[in-house]
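Here the structure is laid out as structure tokens; the discussion comes afterwards.
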Amino acid sequence: MTVKMSARHVSAYYGDLRALDDVSIDIDTQHVTALIGPSGCGKSTLLRLLNRMNDAVPGARVEGSIELDGQDIHARDMDVVELRARVGMVFQKPNPFPKSIYDNVAYGPRIHGLARGRGELDAVVETSLRRAGLWDEVKDRLDDRGTALSGGQQQRLCIARALAVDPEVILMDEPCSALDPIATARIEELIGALRGRYAIAIVTHNMQQAARVSQRTAFFYAGRLVEYGDTSDIFTNPRATSTKDYITGRYG
Amino acid sequence: MIALACLAFLVATIAVDGVTGFVRTTVALPVDLTHLPVDARTLTGRSANLALTGAGLERSVDAAATRAFGSDGPTLLGDGAWLTVRDAVRRHPDLLARPFVIHVPVTSAIDIAYKHGTGSGPVLARMQQLKPALDSEFDRDFFTSSDATDPTRAGIWGALKGSLLTIAVTLLLATPIGVAAAVYLEEFARPSRWTGLIEVSINNLAAVPSIIFGLLGLALFLGTLGMPRSAPLVGGLTLALMTLPVIVITARGAIRQVPPSLREAAMGVGASPVQLVFHHVLPLAAPGILTGAIIGGARALGETAPLLLIGMRAFIAAAPDGLTRPATALPVQIFLWSDQVDGGFVENTSAAIIVLLLLLLVLNGGAVYWRARAERRS
């Protein structure tokens, strides 16, 4: 088991509001790490810090260090564009570009110059769509608009889009919250299949989902990391009472 | 309801007065040019007009009018009547060899009397005598000639061309600069006292009366920079200053409409801020930006006051053949004609207003069409 990303003593602020308070956590390769906790507990903020998506938020600031393969992601020589290519992200609401399915997947490789020529690009698009479990459904309509797909298909298209730039880490911010149970089941299946290749961090409000898909679980409360460990331990034998209350549905 | 009634009244008035402006009254005039010392075979190229004029064509036409209608004959014809004969002869040089009958425009008093039955007693009486020879025809020259002292010869081509050149300069300058400013303010500028000041200035500039921009153009472009007076270039620059804030404001609105989820999607796959703007934000905002540019352009097209101040109100009898040549613009031409005493100009004014309104209708309709099309596609 290797540590892919590690956060040490990370605090995050939006203006005067402290959203994260001295959080230290590791994200391991070939593992799914679930970030759980009530709304406003800072789990999404942590996720967005991992590929510096919060840079664009006015008034947001961060303390502490976050490392990717031992390299500080806030270092001067760290190119944020390259960081986001290595640490891909899937969002809460499916957000395909208003372009064709093909162009949605091909966009990342194109701007990063990852594929030479049409043939190579075709191959990348097909591989990514296959890994996202979407290929068989869309292979005959790659020129259709991505926005014309169903919600679940759109989310898998967004996953394919993230996979196409060959990332090492995939961050998922409540990827199923806008989907129906069947589409959710497919995404969960997909997360299980992707685990072997990537380090995955997923924010979820769904306890069963966290228990089903993850190997590690981190429980956040009021900006603090309350408990972090193997998913089986957290769900069967939580140490903190707040964790126990949350996962048993006492509040949340 | 009241607004609709007013609009209907406006359109009806303009249409009733204006439609006859596109028609002109002609009189059948027997002409005999066989004595004219011109060789039909030499009537080629640029010198042809000069040859016919030099040979006394105008006098021959006057003589023909005297023979046909009596001693006041020449005064019944429009100033441009002999030019109609000249152009006919140039098209068919064989007319020099035999007597022929040609329809030439009459003077504007007879024209009005024939169309509307109004005018002084003697004019009406003279019109009645001529009536069998009078006829109406579509006034093609109205679209091909420029301003003239005689309303039957005056046309809008010069003003229209001046307007189009001016608007071209305006949009070519204001659109790129305005869009660039909007992109900078929305995407790159960090909110600060400085950008706040810029924002307030832009909003205030959009509300400044247009004649103030005319003064600015006069002082800056003509006074300080010494640019030529009455030129479409200067008119375009001045109107660009006026249109710029409108375009910046609409473009910023369009850029703000781009959903944040799309920005995140692009950033999430590692698009740089510049790639984000050019690959995602601008294509999505394009319909809104385009609509803003067209509406700004339409406003500039109808603008008169700033152009008056920079000298685009001169009497200019030839269409401008360059950006720095003296020109006038369609709304200014309307203003100038509305000032004229001669009754013939009333019709010209209305006809020019119809052309201007149609032009604006086409532009605004285009904006609506583009917007609808772009919305269907996304």
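The values are calculated or read from the model by the stated rules, or taken from the named source; none is laboratory data. Just so you know, these numbers come straight off a predicted model, no measurement behind them. Don't worry about glycine lacking a Cβ; one is built from the backbone with ideal geometry, like all the others, and counts go over all protein chains shown.
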- Do we have B:GLU199 as surrounded by 15 or more Cβ atoms within 10 Å (Cβ to Cβ), free of Cβ contacts under 8 Å to residues at least 24 places away in the same chain and more than 14 Å from every other protein chain (Cβ to nearest Cβ) here? yes
- Test: A:PHE97 is under 16 Å from the mean Cα position of the chain (by Cα) and under 29 Å from A:LEU129 (Cα atoms): no
- Note on the structure: Okay, helices (runs of 4 or more DSSP H) sitting entirely in the stretch B:75-136 with 3 or more residues that are more than 24 Å from B:THR44 (Cα to Cα) and without any contact (Cβ under 8 Å) to a residue 24 or more places away in the chain, I get B:121-130
- Task: Please work out if B:THR144 is closer than 30 Å to B:ALA231 by Cβ, more than 14 Å from chain A (Cβ to nearest Cβ) and in contact with a helix residue (DSSP H, G or I) (Cβ under 7 Å, 6 or more places away or on another chain).
- Result: yes
- Message: Given the condition in contact with a Gly (Cβ under 9 Å, 6 or more places away or on another chain), part of a strand (DSSP E or B) and at negative phi, answer yes or no: does some residue in the stretch B:52-68 qualify?
- Response: no
- Message: Testing B:ASP39 on (1) without any contact (Cβ under 8 Å) to a residue 60 or more places away in the chain; (2) among the acidic types (Asp, Glu); (3) closer than 30 Å to B:GLU347 by Cα, one condition comes back false. Which one is that?
- Response: (3)
- Message: Checking A:ARG145 against (1) more than 13 Å from every other protein chain (Cβ to nearest Cβ); (2) touching a strand residue (DSSP E or B) at 6+ places or on another chain (Cβ under 7 Å); (3) of a type in the set (Lys, Arg): exactly one of these is not met. Which one?
- Response: (1)
- Query: Right, A:LEU121: facing chain B (nearest Cβ under 10 Å), surrounded by 15 or more Cβ atoms within 10 Å (Cβ to Cβ), part of a helix (DSSP H, G or I) and aliphatic (A, V, I, L, M) or not?
  - Reply: no
- Just wondering, is there one or more residues in the stretch A:100-116 that are in contact (Cβ under 8 Å) with a residue 12 or more places away in the chain, within 21 Å of the chain's Cα centre (by Cα), within 25 Å of A:ARG8 (Cβ to Cβ) and more than 9 Å from chain B (Cβ to nearest Cβ)? no
- Query: So which of A:ARG52, A:ARG48 is within 11 Å of chain B (Cβ to nearest Cβ), of a type in the set (D, E, K, R) and closer than 26 Å to A:THR184 by Cβ?
  - Reply: A:ARG48
- Message: I'd like to know if the stretch B:6-27 contains one or more residues that are farther than 30 Å from B:MET127 by Cα, in the same structural domain as B:LEU134 (by TED's automatic domain parsing) and touching a Pro at 6+ places or on another chain (Cβ under 6 Å).
- Response: no
- The listed residue being at pLDDT 75 or above and over 30 Å from B:GLN129 (Cα atoms), out of B:ALA40, B:ALA12: B:ALA12
- Task: Provide a single number: the residues in the stretch B:318-342 that are in contact with a Leu (Cβ under 6 Å, 6 or more places away or on another chain) and either closer than 21 Å to B:ILE354 by Cα or assigned to a helix (DSSP H, G or I) (or both).
- Result: 3
- Message: With free of Cβ contacts under 8 Å to residues at least 24 places away in the same chain and not charged (D, E, K, R) as the only criterion, which of B:ALA8, B:ALA48 stands out?
- Response: B:ALA8
- Query: Restricting the search to the stretch A:41-77, which residues are free of Cβ contacts under 8 Å to residues at least 60 places away in the same chain, surrounded by fewer than 18 Cβ atoms within 10 Å (Cβ to Cβ) and in a loop (DSSP other than H, G, I, E, B)?
  - Reply: A:VAL57, A:PRO58, A:GLY59, A:GLY70, A:HIS74, A:ALA75, A:ARG76, A:ASP77
- Query: Of all helices (runs of 4 or more DSSP H) completely enclosed by the stretch B:248-317, which ones contain at least 3 residues that are crowded, with 19+ Cβ neighbours inside 10 Å and more than 14 Å from every other protein chain (Cβ to nearest Cβ)?
  - Reply: B:282-301, B:305-309
- Query: under 22 Å from B:LEU172 (Cβ atoms), surrounded by 19 or more Cβ atoms within 10 Å (Cβ to Cβ), within 15 Å of the chain's Cα centre (by Cα) and of a type in the set (Val, Ile, Thr): does that describe B:THR328?
  - Reply: yes
- Could you identify the single residue in B:LEU173, B:LEU220 that is at pLDDT 90 or above, farther than 19 Å from B:VAL332 by Cβ and in a helix (DSSP H, G or I)? B:LEU173
